[in-house]
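Before any comments, here is the structure.
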Amino acid sequence: MSPNKPGSQELVAVRDLKVHFPVHQGAVFRKKIGDVKAVDGVSFHIDTGETLGLVGESGSGKTTTGQAIMLLEPATGGKIFFEAREITGLDGKKARLLRRRMQLIYQDPFSSLNPRMKIGRIISEPLVIHGMVNGEKDRQAQVDELLETVGLSPAMAKRYPHEFSGGQRQRIGIARALSLKPGFIVCDEPVSALDVSIQAQIINLIEEIQEKFNLTYLFIAHDLALVRYISNRIAVMYLGKIVEIADRLELYRHPLHPYTQALLSAIPIPNPILEAQRKHIQLHGEIPSPLNPPSGCLFHPRCRHAKKECAHLQPQMREIAPDHFVSCTLFDS
C-alpha cells in the first residue's frame, strides 16, 4: 500500500521515484559498471500548508529527493506531481514557469550567494528573470519588503554577502526564495551550517513565513529533535528508500522500524537522570554504498532484529496504524 491518502489536498506527490547515477570505468573506453541508486522507489505526498520532515543519515538520499522534486536532478523512474499535474521530466520554459511556484532554501548560506553581487540584486534577480518587476522603483520596493519580511533592514540591500553573518546570509537566502511568491519550498538542512544560538531564530522565521504566506515545506534534516519541532509528518529514509512515515507525535511515541528506533534513541535528553536510564540502540557498521547495496532488506546487515529471510526478502510498505506506514519484514504477513 502506498503512503498517499486518497482524497487529500495534495500539493506534492511522489510515486515510486528513482534517481540513479551511472558509474563508468576507464579513461578512454568508458564502460558502465553499475548505478548509484541515490533514490530507489520513494513514495510520499505533502498536503497544502503542511511540513513533511525527511530525515536519515548522510548518504540516505534526502537531498537528491528534494532536488528531483525541484527538477534539478532528472528522475530515472517514477512520477512527480505538483498541484495534481505531473511534472516529471519537464525542462526549458515549462520548468522555469513551474519554479515560480517551487523554491529552494540551500544548506550552506556561505556558498549559495554570489559574492560579486549586492544583496539587492541577489534577491531581485528571480523577479527580473520572470518579468515580475515594473521598473526600478518597483524592484527596489519589492526588495525592501522582502528584507523586512525576513528581519533585515532595507539599507542592507547595497551590501555584499561577505559583510553578513551566517544567520543573516540565510535570511537573505530565504528572502530570495520568497521573492516569486511560491507555494512550495524545499528546505535543505537550512540551519545545519549555523551556530546553535542562531538556529532557533531561523527556524522561527521559517515557521512565521509559512503561516503568513500559507507555504508548504519539505524539510530535509538529520536532526530529529529539530524535525519533530517543525514538521507535521516525518518520513525516515535509509539508503534511497523510505522505511517509515507517520505523524510526528506517532513516530516519536511508537517508532516501528528498527532504524527509526535507533535514530530516536540517539537523541539526548536534557535531564541527566532520565538520560542515564535510557536504553541506547547501537548501530554497527556504516551505511552501505548505494553502488552496491545489500540484498533483501537494505537495513538487515545493521539490524538487531534481522532474520535469515531479511537477507533476500524486500519488505513492502504497509499501513500498520492509521497513516503510519513502515517497511519491515517484522510486519509482513
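The values are calculated or read from the model by the stated rules, or taken from the named source; none is laboratory data. Note that the structure is predicted; figures quoted are calculated from it, not measured. Because the Cβ atoms are built from the backbone with ideal geometry, glycine has one as well, and the counts that use them run over all protein chains shown.
For segment 273-288, state whether one or more residues are buried (at least 16 other Cβ atoms within 10 Å of the Cβ), in contact with a helix residue (DSSP H, G or I) (Cβ under 6 Å, 6 or more places away or on another chain), part of a helix (DSSP H, G or I) and in contact (Cβ under 8 Å) with a residue 12 or more places away in the chain. Checking segment 273-288: not a single residue is buried (at least 16 other Cβ atoms within 10 Å of the Cβ), in contact with a helix residue (DSSP H, G or I) (Cβ under 6 Å, 6 or more places away or on another chain), part of a helix (DSSP H, G or I) and in contact (Cβ under 8 Å) with a residue 12 or more places away in the chain. For segment 300-322, the set of residues classified as closer than 19 Å to Asn232 by Cβ, loosely packed, with under 13 Cβ neighbours inside 10 Å and touching a residue at least 24 places away in the same chain (Cβ under 8 Å) consists of Ala321 only. Here Leu152, Leu180 are screened, and the one residue that is within 22 Å of Ser124 (Cα to Cα), touching a strand residue (DSSP E or B) at 6+ places or on another chain (Cβ under 8 Å) and not in a strand (DSSP E or B) is Leu180. Can you tell me which residue within segment 104-132, out of those that are touching a strand residue (DSSP E or B) at 6+ places or on another chain (Cβ under 8 Å) and part of a loop (DSSP other than H, G, I, E, B), is nearest to Arg176 (Cα to Cα)? Here the residue is Tyr106. Exactly one residue out of Ala141, Ala157 is over 20 Å from the mean Cα position of the chain (by Cα) and surrounded by 17 or more Cβ atoms within 10 Å (Cβ to Cβ), and it is Ala157.
Residues that are in a strand (DSSP E or B) and among the hydroxyl-bearing types (Ser, Thr, Tyr) within segment 34-52 comprise Ser43, Thr51, listed in sequence order.
Of all the residues in segment 105-132, those that are more than 18 Å from Val143 (Cα to Cα) and of a type in the set (A, V, I, L, M, F, W, C) number 1. Screening Ala27, Ala75 for residues that are under 17 Å from the mean Cα position of the chain (by Cα), assigned to a loop (DSSP other than H, G, I, E, B) and farther than 26 Å from Gln210 by Cβ leaves exactly one candidate, Ala75. Take Leu146 and decide whether it is under 25 Å from Tyr217 (Cα atoms) and outside any helix (DSSP H, G or I). It is false that Leu146 is under 25 Å from Tyr217 (Cα atoms) and outside any helix (DSSP H, G or I). Just one residue in the set Leu298, Leu249, Leu283 is of a type in the set (A, V, I, L, M, F, W, C), out of contact with any Phe, Trp or Tyr (no Cβ under 7 Å at 6 or more places or on another chain) and closer than 27 Å to Lys18 by Cα; that residue is Leu283. Among the residues of segment 91-130, those that are under 25 Å from the mean Cα position of the chain (by Cα), more than 20 Å from Thr63 (Cβ to Cβ) and among the aliphatic types (A, V, I, L, M) comprise Leu97, Ile122, Ile123, Leu127. Of the set (1) within 24 Å of Ala221 (Cβ to Cβ); (2) at pLDDT 95 or above; (3) out of contact with any Pro (no Cβ under 8 Å at 6 or more places or on another chain); (4) not polar (S, T, N, Q), all apply to Val191 but (2). Checked against the criterion of being under 25 Å from Ile230 (Cβ atoms) and within 20 Å of the chain's Cα centre (by Cα), the candidates Lys37, Lys18, Lys62 yield just one match: Lys62. Only one of the listed residues (Pro126, Pro109, Pro115) is surrounded by 17 or more Cβ atoms within 10 Å (Cβ to Cβ) and either more than 17 Å from Asp188 (Cβ to Cβ) or of a type in the set (Asp, Glu) (or both). That residue is Pro126. Apart from one condition, His162 fits all of (1) more than 26 Å from the chain's Cα centre (by Cα); (2) crowded, with 16+ Cβ neighbours inside 10 Å; (3) in contact (Cβ under 8 Å) with a residue 24 or more places away in the chain; the exception is (2). Here Ser60 meets each of (1) closer than 15 Å to Ala235 by Cβ; (2) polar (S, T, N, Q); (3) not in a loop (DSSP other than H, G, I, E, B) with one exception, condition (3).
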